[in-house]
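Colleague: Take this structure first; my questions come after.
The values are calculated or read from the model by the stated rules, or taken from the named source; none is laboratory data. Because the structure is predicted, anything quoted here is derived from the model rather than measured. With ideal geometry, Cβ positions are generated from the backbone for all residues, glycine too; neighbour counts draw on all protein chains shown. When the accessible area is computed, the model is the full protein with side chains, heavy atoms only, and any ligands, DNA or RNA have been set aside. Shrake-Rupley method; radii C 1.70, N 1.55, O 1.52, S 1.80 Å.
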Amino acid sequence: MNMLQNILHAIHELEIEATVDEVTDINEIAEYPLTPYPAMYVDGEFICHRECNTLQHIKECLYRKIGKPI
C-alpha cells in the first residue's frame, strides 16, 4: 500500500471522521513548510512523512494527534 492508502485505512480502523485531501499540484505543495514529500498534515500541522508511512506508524501518529487509542 502507498501512504495515501495507509492513511485511509488507518482512519477507517480508528473510526475517525475525516476528510482527506491529496495535494499533487506542485504550486500548492510549495505553500507548505519545507518537509519531505509525501507528507501527512492534520489541521495544518505536520504529522509524518514518506519514511514513516506504514499503517501502524500512521495510526500511532494519528493517535498522538487526536488522542484516540489504537
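Colleague: Looking at segment 51-70, I want the residues that are closer than 10 Å to residue 13 by Cβ and open to solvent by 80 Å² or more (accessible area, probe 1.4 Å) and have a partner that is modelled with pLDDT under 90 and not basic (Lys, Arg) with Cβ atoms under 6 Å, at least 6 apart or on another chain. Which pairs are those?
Modeller: Note: pairs meeting the criteria are 70/63.
Colleague: Given the criteria closer than 14 Å to residue 61 by Cβ and open to solvent by less than 50 Å² (accessible area, probe 1.4 Å), does residue 29 qualify?
Modeller: Details: closer than 14 Å to residue 61 by Cβ: no; open to solvent by less than 50 Å² (accessible area, probe 1.4 Å): yes.
For residue 29, the condition - closer than 14 Å to residue 61 by Cβ and open to solvent by less than 50 Å² (accessible area, probe 1.4 Å) - is not met.
Colleague: Just one of 59, 65 is of a type in the set (D, E, K, R) and either assigned to a loop (DSSP other than H, G, I, E, B) or touching a helix residue (DSSP H, G or I) at 6+ places or on another chain (Cβ under 6 Å) (or both); which is it? So that I can check it myself, show each step before the final result.
Modeller: Details: 65 fails: either assigned to a loop (DSSP other than H, G, I, E, B) or touching a helix residue (DSSP H, G or I) at 6+ places or on another chain (Cβ under 6 Å) (or both).
The match here is 59.
Colleague: Let me ask another. Looking at segment 3-26 only, could you name the residues that are more than 21 Å from residue 67 (Cα to Cα), assigned to a loop (DSSP other than H, G, I, E, B) and open to solvent by 80 Å² or more (accessible area, probe 1.4 Å)?
Modeller: Correct list: 21, 22, 24.
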